[in-house]
Amino acid sequence: MIPELGHLLAIFGWTAALGVLVSGFWGGYRHSEAWVALSIRLAKLQFVVLASSFVLLIVSFLHDDFSVLYVANNSNQLLPWYYKISAVWGAHEGSFLLWTLVAATWTHLVANRAQHIPLDIHGYVLGSLGFINFLFLAFLITASNPFERLVPNTPINGVDLNPLLQDFALIIHPPMLYIGYVGFAVAFSFGVAGLLTGKLDSAWARWLRPWVNYAWAFLTVGIALGSWWAYYELGWGGWWFWDPVENASLLPWLAGAALIHSLAATEKRGAYKNWTVLLAILTFSLSLVGAFLVRSGILTSVHAFAVDAQRGLVLLGILTVVSGAGLILFALRASTLRSRLEYWGISRELLLLINNVLLTITVATVLLGTLYPIGYEWFTDGEKISIGSQYFNAFFIPIMLVLSFFLALAPISQWKTTPLKKFQKCFVFLGFAALVALILPWVLANTFYVGATIGIALGLFVLITHVNSLLKRRKSLHLGFVGMCIAHLGFAIALIGVAVTSVYSYSVDGRLAIGDSLDVSGRSYELQSVQTIEARNYLAERAEFVVGNRITVYPERRFYPIRAMQTTEAAIRPVLFRDLYVTLGKPMDNGTWGVRIQEKLLIRWVWFGALIMAIAAVLACSDKRYRRLSKRDLSQYSRT
Amino acid sequence: MISNTLRLRLLFALPIVGIGVVIFILAIGLRGGNHTVHPSTLIAKPFPSFEAPKLIDNELTNHEELLGEARLINVWASWCVACRSEHAVIQDIAAFNLISVVGINYKDQRVDALDWLTELGNPYDYTIVDLDGTLGVDLGVYGAPETFLVDSKGYIRYKHIGALTDKVWEGEILPLIEDLD
């Protein structure tokens, strides 16, 4: 009964989404308080029934109800309970149920937290969010039902969750990503509402900003977790592969970052209105492209697990309808909007423009690199081409370095115009940062790389100018400014981390017999023993390494018999400023073991920086002015 | 002369073109564009190496088990409609006992696949499970059904895209098998 009830609730959710869609748009169109109120009620109903449906799927997993196809395919009696819960979103059907639940949650939040915005905008935003979830729920209940039964041939046991997904980071990585992806639907909907009402002004930007910041913060955490997961779970020490699926999450992240910045200019100066609303639409479109790339079966990669091809077409249809509707509306309405830009000097507006130009170029190059292989094969009738990290690095790194330079000027710049002498100190800062960056490599490693040095110098430059501005203004700080500065500091930390770890890391491969040792950058790694151990749902060979006589680490090779899969569990030990990273390879014929030992400098700064950016984004939108309605707004718009 | 307003309108319509191109590329990718290896590029190449479980008993198998005799390798799935009509032809071929027939169960649910074989009969000596389609990528599979002829040394001699018919079997594959001997 439980699975049927779950499916029924999902159908109720779909009906509720239809209700939100109709009552929201109608209420917005007619300025009707009653209809918008109905929409708010239905948004709550949608949230409650989808959450219940989701809980019922969790219950099916916890009960080992293998008569449910999705449970049989993704769980097993031996699976620990927490993986049984995370298995709910471990594959296609369940992850879409999660998607729709997240969408319903955002809708519910917007319905209740945005009571102070004009009635028509509120109605249209809810209607648009209802429309999006209506499409996804239609897909879920017809073509992607997680509650589908497997009768009469119910298996006694399930085929287990993919071992690569049996991991802590992977429990929270997909929900974080989805909260981010779907959060941009709020930006999309505000864009639609702004275009429909014509009220694309600074108040509109101020209402939208917190939602974008929250969505972007979650997406940042999701991407960082994914990278961290790849780093320790895939077992070879890579943390970013320019895999199409990684790019799929990076695209809306970059576009979202651009949106955050252009919204600042729209709010404060009424500038770039058209561009901001276009970005709001495109960011969510890129989220949909991302969801499509991961879930359509178009790619075969570590992320894209068994899906059948038909569903991709439906997802592509949703992408076409949603982004098409948004962009057609944009084409029809945006040309009537006017932005005001009174002054073109060295100003914060200009820096934000530079930010947006650079980020847009980055989005375009990453998108091109991701789609190119697909198009290439079609045009050349099946010749394969692979776009590797060289292409991406060749564009991404220089653009990010230029971006960092202008970023460092951000806290000094002022709206409208900034006197040039304000920037004088910057030259001193830049000189100092460059000096440190030049000396540091000799201290670190006795080797020198131009790229890394530029990266470190610019990272330090950003750190210094922002800390300096924070100290200077400590008497009159507001959260918006503090959030911006901390986010930029996070960026600088991540930048330095990337620059250092990409170059100053060591990797040595060797074959070791028991008792042998390897030296890596002055530390000895001795293989003490290899033991076979038997865990709940896997077998493992566990090696014991003693590092420098003090630290003991245990890398493993695991075999999961139910799925016949072999995984490598690297042993990772963070010490000051670096990670020791030991991977156990294959046993060789002569009793030796393949071993890879790596030392990764400052690798943790990459994720730490990302985390800081996420926290800062939330901090910035906790500013008072986003919570209360200013008197000016009140006089400008009455609620009805 | 195009008026300024119209020009502005056209400019604002450009993003539609952009997203249109993206959707177009994704659509051709979905159709199999990125999985395709042109049939001719596979002929006379060794069958790709793989390791995967068998459908019935879940035992691991690999490309080496294919060696030793010529094989007709049929890619099928329970969700594939054309496979159902093709199945009778495959059964006839297997009953003919001229060549060993091996299945590749492509991106399918194990239980559905087993049901399918129970319902329609099992002509395969064994069936290789390709759950996530990786073997399919190596083989350049457009979509099920597809059929490969592999000689006793493990080299691909022929590939047919789409459902096998008696005509294809008698006109194209049988002569090739006779050549192999």
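Quick notes on this one:
- Across region A:167-352, the mean sequence separation of Cα contacts (distance under 8 Å, 6 or more residues apart), normalised by length, yields a relative contact order of 26 percent.
- For B:GLY103, distant residues with modelled amide H under 5 Å away: B:ASN74, B:ASP125, B:TYR126, B:THR127, B:ILE128
- Each principal axis of region B:37-180 carries a Cα extent, and these read 38, 29, 27 Å when sorted largest first.
- Estimated FRET transfer efficiency (A:ARG550, B:SER3; beta-carbon r; R0 60 Å; 0.05): 0.15
- Debye log10 I(q)/I(0) for the protein assembly as shown, one point scatterer per Cα, at q = 0.05, 0.07, 0.09, 0.11 Å⁻¹: -0.31, -0.61, -0.99, -1.36
- The Cα center of region B:138-174 and the Cα center of region A:563-595 differ in position by 42 Å.
- Region A:1-156, relative contact order in percent, only Cα pairs under 8 angstrom and at least six apart counted: 39
- If you plug the beta carbon distance of A:THR154 and B:ALA95 into 1/(1 + (r/R0)^6) with R0 = 30 Å, you get a FRET efficiency near 0.40.
- For region A:508-601, Kirkwood radius (reciprocal of mean inverse C-alpha pair distance, Å): 13.6
- Per-residue mean of C-beta atoms belonging to partner chains within 10 Å, peptide B:6-19: 5
- Dividing the C-alpha radius of gyration of region A:111-243 by 2.2 N^0.38 Å, with N its residue count, gives 1.42.
- Hydrodynamic estimate: the Kirkwood radius of region A:389-535 over Cα pairs, inserted into Stokes-Einstein at 4 °C and 1.567 mPa s, corresponds to D of 71 µm²/s.
- In summary, the lysines within cross-link reach of B:LYS54, defined as a Cα separation below 29 angstrom excluding same-chain residues under 8 places away, comprise A:LYS84, A:LYS586, B:LYS45, B:LYS107, B:LYS153, B:LYS159.
- The convex hull around the C-alpha trace of region A:1-157, projected and averaged over every direction, spans 8.8 square nanometres.
- Of the peptides A:359-365, A:49-55, B:161-167, the order by per-residue mean of other Cβ atoms within 10 Å, starting with the highest, comes out as A:49-55, A:359-365, B:161-167.
- FRET efficiency for the pair A:VAL443 and A:PHE423, taken as 1/(1 + (r/R0)^6) with r the Cβ-Cβ distance and R0 = 30 Å, rounds to 0.50.
- For the segment B:62-74, counting C-beta atoms of other chains within 10 Å of every residue's C-beta and taking the mean gives 0.
- For B:GLY133, residues with placed amide H under 5 Å, excluding near neighbours: B:LYS107
- Taken one residue at a time, the phi angles of region A:196-210 give Karplus couplings (6.51, -1.76, 1.60, θ = phi - 60°) of 5, 8, x, 8, 9, 10, 5, 5, 4, 4, 5, 5, 6, 3, x Hz. Gly and Pro are set to x.
- Relative contact order (%) - criterion: Cα under 8 Å, at least six apart; region: region A:343-501: 25
- Converting phi to 3J(HN,Hα) with the Karplus coefficients 6.51, -1.76 and 1.60 and the offset θ = phi - 60°, region A:504-518 yields 8, 10, 10, 9, 10, 9, x, 10, 10, 8, 4, x, 6, 9, 10 Hz in sequence order, with x at every glycine or proline.
- Distance from region A:111-168 to region A:466-513 (C-alpha centre basis), Å: 36
- Hz values of 3J(HN,Hα) by residue in region A:37-52 - Karplus curve (6.51, -1.76, 1.60), Gly and Pro given as x: 4, 4, 4, 5, 4, 5, 5, 5, 4, 4, 4, 5, 5, 6, 4, 5
- Annotation: amide H of A:LYS416 within the under-5 Å range of A:ARG348, A:GLU349, sequence separation 5 or more or interchain, hydrogens built in the peptide plane.
- Pairwise Cα inverse-distance average, inverted: Kirkwood Rh of region B:88-168 (Å): 13.6
Computed from the coordinates by the stated procedures, all read-outs in this text should not be read as laboratory data. This is a predicted model, so every value here is computed, not measured. Note: ideal-geometry Cβ built from the backbone for every residue, glycine included; neighbour counts use all protein chains shown.
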